[in-house]
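The values are calculated or read from the model by the stated rules, or taken from the named source; none is laboratory data. Since the structure is predicted, the reported quantities are computational estimates derived from the model, not experimental observations. Cβ atoms come from the backbone with ideal geometry, glycine included; neighbour counts cover every protein chain shown.
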Amino acid sequence: MLLLSFGNFACNRPETGPDGKAGSNLPAPANDPTPADAKERHAVFAGGCFWCTEAVFEQLAGVSDVVSGYAGGKAETADYQAVSAGRTDHAEVIRITYDPSVISYGQLLRVFFATHNPTQLNAQGPDVGRRYRSAVFYSDENEKQVAADYIAQLTDAGAYDRPIVTTLEPLTTFYPAEAYHQDYVQHNPTQPYVAGNALPKVEKVRKLFPDLLKGNE
């Protein structure tokens with residue numbers, strides 16, 4: 001396992017929103033249709049450092065795989081050196097593979113908005129740059145509509161005291177990140193930044209969404 005400088009890999013403290021409203025206080029999505037089939041699906045989210053977001057979603061029931069990667073840019077620059085230098089338009093993202101008969105797209109969105117700060121533009125916590133932007137990469141018009149409706153719902157509910165700046169971007173291609181990024185929190189739980197930043201996000205989900213955890217389905 002290659003150990004990397006935390007100066008370039010700053011994951012973020014779990015955000016509760018600027019006014020402290022988040023987690024279980026976020027309403028469930030009103031528009032959360034059940035798909036006509038129960039085929040395995042993917043969701044791609046960007047919410048800061050992919051180490052942290054990956055660890056959050058790996059523990060959810062119905063989620064069979066989470067892969068860290070890049071989206072929003074070109075294939076020739078989909079590598080960590082280029083992305084971390086800010087020379088691309090990629091975002092650090094995760095691709096979630098899930099069973100919609102167990103966990104819905106809307107439930108994934110609720111966890112997503114509860115575990116990062118969607119009011120920070122092109123940044124997340126101490127991390128600054130478009131690669132850390134808050135974004136939902138949708139694969140079809142249904143995902144786009146559900147995400148847009150949920151953002152509007154959160155805005156109308158006053159969930160945050162600043163505007164939500166999460167972008168809705170079409171998913172063209174997902175590029176898996178380098179092997180050493182995958183399951184990073186699981187492999188390095190005692191690293192100071194992981195222990196201080198990623199693991200609190202994991203615990204936050206366990207506290208706020210116990211009914212969504214593996215073993216509780």
Expected single match for free of Cβ contacts under 8 Å to residues at least 40 places away in the same chain, among the hydrophobic types (A, V, I, L, M, F, W, C) and within 17 Å of Ala55 (Cβ to Cβ) among Ala147, Ala85, Ala179, Ala152 is Ala179
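Would you point out which residue out of Ala198, Ala148 is among the hydrophobic types (A, V, I, L, M, F, W, C), out of contact with any Gly (no Cβ under 7 Å at 6 or more places or on another chain), at pLDDT 95 or above and under 23 Å from Gln107 (Cα atoms)?
Values: Ala198 fails: at pLDDT 95 or above.
After applying the criteria, what remains is Ala148.
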With the first residue restricted to segment 36-54 and required to be β-branched (Val, Ile, Thr), and the second required to be assigned to a loop (DSSP other than H, G, I, E, B), Cβ contacts under 7 Å at 6 or more apart or on different chains are Val44/Leu171; Val44/Phe174
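With respect to Tyr150, determine if the residue is touching a helix residue (DSSP H, G or I) at 6+ places or on another chain (Cβ under 8 Å), buried (at least 19 other Cβ atoms within 10 Å of the Cβ), among the hydroxyl-bearing types (Ser, Thr, Tyr) and closer than 25 Å to Leu213 by Cα. Even if it seems obvious, please write down each step before you answer.
On the way: touching a helix residue (DSSP H, G or I) at 6+ places or on another chain (Cβ under 8 Å): yes; buried (at least 19 other Cβ atoms within 10 Å of the Cβ): yes; among the hydroxyl-bearing types (Ser, Thr, Tyr): yes; closer than 25 Å to Leu213 by Cα: yes.
So Tyr150 fits the description; yes.
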How many residues of segment 182-217 are of a type in the set (A, V, I, L, M), surrounded by 15 or more Cβ atoms within 10 Å (Cβ to Cβ) and either closer than 14 Å to Ala55 by Cα or free of Cβ contacts under 8 Å to residues at least 60 places away in the same chain (or both)? The answer is 6
Residue pairs within 7 Å by beta carbon, gap of at least six or interchain, first lying in segment 117-143 and under 19 Å from Ala43 (Cβ atoms), second surrounded by fewer than 24 Cβ atoms within 10 Å (Cβ to Cβ) and acidic (Asp, Glu), listed first then second, are Ala135/Glu169; Phe137/Glu169
Here the residues within segment 179-217 that are in contact with a Phe, Trp or Tyr (Cβ under 8 Å, 6 or more places away or on another chain) and not in a helix (DSSP H, G or I) are Gln191
Checked Arg95, Arg13 against criteria (modelled with pLDDT under 95 and within 14 Å of the chain's Cα centre (by Cα)); the one match is Arg13
The condition from (1) modelled with pLDDT under 95; (2) outside any loop (DSSP other than H, G, I, E, B) that Leu2 misses is numbered (2)
Checked against (1) among the acidic types (Asp, Glu); (2) free of Cβ contacts under 8 Å to residues at least 60 places away in the same chain; (3) buried (at least 22 other Cβ atoms within 10 Å of the Cβ), Glu76 satisfies every condition except (3)
